Amino acid sequence: MVIGFSIALIVFSLLLMLLVLMHKGKGGGLSDMFGGGMQSSVGGSSVAERNLDRITVIVGLLWAVAVVGLALVIKFQK
Amino acid sequence: MLTGFARAFKTPDLRKKLLFTLGILVLFRLGATIPVPGVDYTNVNQCIKEAGGNGGLFGMINMFSGGALLQLTIFALGIMPYITASIILQLLTVVIPRLEALKKEGQSGTAKITQYTRYLTLALAVLQGTGLVATAQSGTLFRTCQVGNQIVPDTSIFRTAVMVITMTSGTVMIMWLGELITDRGIGNGMSILMFTSIAAGFPGSLWGIKQAGKILDGWGEFSLVILVGLAMVCLVVFVEQAQRRVPVQYAKRMIGRRSYGGTSTYIPLKVNQAGVIPVIFASSLLYIPALVVQFSGNTTAGWAQWISTNLTKGDHPMYLTLYFLLIVFFAFFYVAISFNPEEVADNMKKYGGFIPGIRAGRPTAEYLGYVLNRITWPGSLYLGLIALVPTVAIALFNGSQNFPFGGTSILIIVGVGLETVKQIESQLQQRNYEGFLR
């Protein structure tokens, strides 16, 4: 049970990292973070980006479920 | 002020953005309370209670993660890896010609640098996650705690790997949340997340001061700290808004039948052009020697002893001087790389602008450089002094380390707050409403 959840967690984590890194980065780093003063004018996101968002949200939810599930399983095993 | 907020919520577009941002923040704080699987939550809580929320070496990073670091939650690393990655890339743009070329390229180049930052964040998250899990397992995270070495009961390699991977993906998740806020919410996501983490620590540490205080059942210290905090916020807002306006006159030009230009504007040179970045640079840099000692495991060697007596405690004169000097240096350094007088002068020349009384071209660049240099001196000294306030307060009032209105946190809170309010305001003004800054 623990092993199963652990493997699921690893898989979802790797997927999540991959998906997030596939996004186009927004925000221009440090100078933008603390008072760069520029208004970024970014247009609407593309269809591919929106689908990617959807998949990322689903994987993120599954990841959260796996985290909580694994924690509970470990706790009740003791 | 309040009606301004009401108006902000009445504008459908803005309301959507504000609610989206708030929703993300709720998710962020929620994740900061879920412990990583494999951590014994009761033991961790006991240790935190014993340590009194004072993480010593990890104090600053713990503050940046909103207390999530010591609790070993899935968002334990917070946005620190992203900040570190940004700092590293920012410094590297000065050194590596390829990155400099990318930066000059404009939008596409910046996008590429952002992408590098994201990859570097992932690498740093793996590193810091491994370090954190290792210190937690060996029991050095809480040195004084009885059950310090039972925080992570199972130390098998597989379990360790699962924990590190969970923390890493948590960090990546935070990065995505920040980008979502930047994209669809209001303000810059990363800085708002940092704002939230720091602000989340305030109530707890304020209550801690009340508990530890003696005057009037602790309420005396409580109100004193709040008053000092308010005064400091006022001071910081005052200096952050201060700017020197260098007048610029544009020549009138006739193109066809229309006339262009002929206007007089100004170049705003802020007193504190660099913002909080010098403080963050300096404290991250000063944190490195202590980290080296921590990971070398050799605490008895001469150099390690020297570092841990001189460079780890925030109230040692050596540390204070170095901190101050580094902040001043980085203030100048950052202004030098972010504002290029020659470029500005060139641009002005191109569009027919000049500063009254000064010739266009090289004299203008020299003048701008001169003004910038003189204005950065008070700015950098102010930054250094503000950052030293908590330490001085500790020395004077014999207060505890968790003085919540520490210089760094106040600078970040005020800076981010001002920036975000300005953005909301500009969104409001697009709809012809008067904003809430009058």
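Interface of A with B. Using a 1.4 Å probe and counting protein heavy atoms only, the two chains hide about 3600 Å² of accessible surface, both sides summed.
Residues in the range B:240-273 near a label at B:ARG359, defined as backbone nitrogen under 20 Å from the 7 Å Cα→Cβ point? Only B:248-251 fall inside the zone, counting backbone N under 20 Å. Full extension of the chain between B:THR265 and B:THR321 gives 16.1 nm of extra length, using 0.36 nm per residue less the Cα-Cα distance.
Of the residues in the range B:77-125, those shielded by at least 20 Å² of accessible area once partner protein chains are present, compared with the chain alone at a 1.4 Å probe, are B:TYR82, B:ILE83, B:SER86, B:GLN90, B:THR114, B:GLN115, B:ARG118, B:TYR119, B:LEU122.
Could you rank B:TYR351, B:TYR334, B:TYR367 by how accessible they are, 1.4 Å probe, largest area first?
B:TYR351, B:TYR367, B:TYR334
Amide H contacts under 5 Å for B:THR73: B:VAL36, restricted to partners 5 or more places along the chain or on a different chain, H placed in the peptide plane at 1.01 Å from N.
How much of the pair distance distribution for the range B:311-388 lies past 20 Å, counting alpha-carbon pairs only, in percent? Cα-Cα pairs in the range B:311-388 separated by more than 20 Å: 47 percent.
On full extension, the segment bounded by B:THR309 and B:VAL292 gains 4.7 nm, given 0.36 nm per residue less the C-alpha separation.
Which value in Å is the Kirkwood Rh of the range B:168-258 over different Cα pairs?
On the way: mean 1/r = 0.0555 Å⁻¹.
Kirkwood hydrodynamic radius for the range B:168-258: 18.0 Å.
Find how much the distance from B:VAL421 to B:LEU227 grows on full extension, using 0.36 nm per residue of separation minus their present alpha carbon separation; answer in nm with one decimal.
Extra length from B:VAL421 to B:LEU227 when fully extended: 67.5 nm.
The values are calculated or read from the model by the stated rules, or taken from the named source; none is laboratory data. Since the structure is predicted, the reported quantities are computational estimates derived from the model, not experimental observations. Neighbour counts run over all protein chains shown; Cβ positions are idealised from the backbone, glycine included. For accessibility, only protein heavy atoms count, side chains too; no ligands or nucleic acids. Shrake-Rupley method; radii C 1.70, N 1.55, O 1.52, S 1.80 Å.
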